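S.K.: Mind looking over this structure? Questions follow.
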Amino acid sequence: MAEEKNLAQNTDAPETPDVELEGAHDEPVDSANEEYPHGLRLVTVVAAVMLTVFLTSLDQTIVGTAIPKITDEFHGLSQVSWYGSAYFMCLGGFQSSWGKAYRYFPLKLCFIVSVVIFELGSLICGVSPSSVAFIVGRAIAGVGGAGVSSGGTVILAFCAEPKKRPTLMGFVGVAYTVAAICGLALALLIAFFKTPSSASVVPATWMQKIWHMDPVGIVLSMGAIISFILALQYGGQTYDWSSSVVVGLLVGFVIILAALAVAEYYQGEYAMMPLRLLKRRSLWTGCAYQFFFASCYFLLLYYLPIYFQSIRGGDAIQSGVDNLPLVIAGCLAVLAGGIAVTKTRHATPFMALGAALATVATGLLYTLDVDTSSAKWIGYQILAGAALAFPFQNALNIAQADVDSSDISTVTATLYYFQVLGGAFSISSAQCAFVNVLLSSLRTSAPGVNPLLVVNTGATELRSVFTAEQLQGIVRAYMEAIKASFAVGIGMVGIAFVLSLICPWKRLHAGAVGDAMPVG
């Protein structure tokens with residue numbers, strides 16, 4: 001009974017209310033007394049987190065670049081959306097569970113377990129003999145990746161006082177953007193991490209811990225995502241948009257989403273996204289912003305390689321080289337963004353600026369064509385990489401600064417949930433636009449070619465399957481399809497800009513822990 005009472009005191013107590021007036025933090029909590037690692041131990045922990053974040057980001061960038069070749073191996077484009085969506089679906093669906101795990105179980109243990117699960121999924125992908133096996137591996141990797149992405153951020157949040165967190169998050173952004181190849185053994189450097197006193201485990205019984213993982217929310221969330229993806233995969237391809245199958249899936253998506261909202265409301269503290277936290281303007285606006293803003297980034301990761309390989313005729317290696325302007329610009333910008341927030345203690349203005357520039361950059365990428373010069377697509381990628389990376393961690397910085405230390409893992413997982421959910425929805429939406437526009441364009445640009453044969457041919461096999469005369473029309477149709485995918489990204493990041501205008505335009509407090517959101 002005493003243990004349950006202790007849990008109730010830790011989970012049911014209301015949060016410190018949002019700060020509205022200047023001067024409300026005249027006596028901030030002294031963060032100097034917190035137990036933070038220093039020197040070599042801090043460097044080791046940051047390096048370990050960066051290396052493990054490499055794992056999840058590498059998985060995204062490698063698969064995006066390899067998708068055209070994967071379509072050759074498995075003969076077709078019909079399941080391309082699942083290669084990304086299966087990963088993002090589980091990456092988002094299990095974010096809240098890992099967030100609660102980091103609250104009720106030891107940080108280090110949970111983090112290492114998540115890395116092992118991620119590696120298992122990656123191994124399955126590597127040896128998969130079929131498209132279905134590859135998708136299953138991607139889903140398992142997503143489960144582990146959810147723990148890696150949120151866990152690394154939670155660990156860093158407890159490694160530095162609030163005013164230094166944006167800079168550390170910038171280093172994580174560098175790892176996320178560069179996506180260099182690093183091994184599991186290096187990730188285990190996290191063993192040097194000594195858990196700070198502020199990151200102590202919240203006491204709870206095993207049954208309470210299980211319910212806090214919100215299994216009901218996971219099932220409903222996954223069901224809604226699957227219904228949405230299947231509807232977009234079938235619509236206009238396997239079935240007409242007006243067919244009972246497609247309409248039924250879309251209706252099912254709405255019903256399951258409503259059931260998820262009701263379940264989350266009545267579960268209170270057991271919900272994956274507690275209502276008391278979602279009521280905070282800093283969190284719900286940040287979640288909405290990150291959903292749409294990250295969508296554009298993930299979309300470009302998957303469809304720029306298709307442009308380089310199917311339109312320009314490069315192989316996977318050349319495509320990776322062609323993508324370097326996007327990656328290098330993003331690497332430099334995300335680090336600069338973290339430093340800028342640390343120095344100015346302003347985050348929202350950079351979110352608005354980044355979204356505005358990203359809208360312009362994605363619009364420029366939309367103008368790419370069969371004969372676009374190298375100078376243009378290099379310049380467009382540099383602008384896109386910088387615009388998308390510079391404010392990428394800002395919504396998280398704002399949300400973490402607005403809650404008590406015991407809620408950092410929950411808000412981190414919630415924000416990442418919406419971020420990767422945006423990836424799942426944007427990739428499936430872009431693939432739907434891609435295939436439908438491709439089928440429509442083929443009727444006019446290549447009337448003598450069987451559209452289904454084109455769809456079932458790998459993106460890099462086009463030049464070996466079709467004649468030179470047929471190929472001209474097919475490439476034009478492919479270009480129109482890629483433009484349709486980029487148009488989805490333009491819409492997503494444009495909405496993110498509008499959302500940035502309603503995010504809290506306040507300075508991050510320099511010293512308070514937990515209730516650090518701020519004045520002025």
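S.K.: Greater than 19 Å separation of Cα atoms is the criterion. Which listed pairs, Lys108/Lys279; Lys343/Lys506; Lys279/Lys506, meet it?
M.R.: Lys108/Lys279
S.K.: From largest to smallest, what semi-axes in whole angstrom does the stretch 383-520 give when each is the square root of 5 times an eigenvalue of its alpha carbon gyration tensor?
M.R.: They are 46, 14, 11 Å, listed from largest to smallest.
S.K.: So, one more: Find, to one decimal place in angstroms, the Kirkwood hydrodynamic radius of the stretch 260-387, where the mean of 1/r is taken over every pair of different Cα atoms and then inverted.
M.R.: With all distinct Cα pairs of the stretch 260-387 included, I get 16.9 Å.
S.K.: While we're on this one: When the C-alpha atoms of the stretch 314-391 are aligned to their principal axes, what extent does each axis show, in angstrom, from largest down?
M.R.: Computed over the Cα atoms, the extents are 44, 24, 16 Å.
S.K.: Continuing with the same structure: Could you give the length gained on full extension between Val247 and Val465, defined as 0.36 nm per residue of separation minus the Cα-Cα distance, in nm?
M.R.: Taking 0.36 nm per residue and subtracting the Cα distance, the gain is 74.9 nm.
S.K.: Could you compute how fast the stretch 215-271 diffuses translationally, taking Rh as the Kirkwood radius over C-alpha pairs and applying Stokes-Einstein at 4 °C with viscosity 1.567 mPa s? Give it in µm² per second. Intermediate values should be presented prior to the final figure.
M.R.: Working: Rh = 11.9 Å.
Rounded, D is 109 µm²/s.
Values in this text are rule-based calculations from the coordinates and carry no lab data. Computed from a prediction, not measured in an experiment: that's the story for all the values here.
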